[in-house]
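Coordinate-derived values only; no laboratory data. All figures in this text were calculated on a predicted structure; none of them were measured in a lab. With ideal geometry, Cβ positions are generated from the backbone for all residues, glycine too; neighbour counts draw on all protein chains shown.
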Amino acid sequence: MTDLEHRVGVRENNLVVRNLKLSKVTNKNINGLIEEIDQLFGLDEVSYNKAEETIHLAYDAANLNLDGIEDIIIKHSVELHDDWWTHTKESYYKYCDQNVKDNFEHEPWSCHKTPPGKGNRHK
């Protein structure tokens, strides 16, 4: 895939896929939740699997993070499932999201580059 095959604000290099189990989901609150998350800049796709009670998210981690999505989840009276595995995945996802964002913002350097303020030494 290329960047052109994704929604606006999503770059292939920064694309992450997340699956989290939810609790307290009803037909009424899940529809509003999915609609609101779907409007976020940097989101590629979102869906809810009713049988497994999991939300599937694909987003650009340089533009969006799990904390912002969790705020929307809580706003709609839905919660992340309270078990060890979900909390472990959540922590790992947040760590990886921050790593992707940090790498995206990092300015690469080279030891062969002339330091700023130094002219050509061979004059």
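How large is ³J(HN,Hα), in whole Hz, for each residue of the stretch 58-63 in order, when computed from phi with the Karplus curve 6.51 cos²θ - 1.76 cosθ + 1.60 and θ = phi - 60°, using x for Gly and Pro?
10, 8, 7, 6, 7, 10
In nanometres, what is the gap between the two model label sites at residue 99 and residue 51, each 7 Å from Cα along Cα-to-Cβ?
Taking the simple label geometry, residue 99 and residue 51 are separated by 3.2 nm.
Which semi-axes, in whole Å and largest first, does the equivalent ellipsoid of the stretch 1-70 have when worked out from the alpha carbon gyration tensor as the square roots of 5 times its eigenvalues?
After diagonalising the Cα gyration tensor, the semi-axes are 23, 11, 11 Å.
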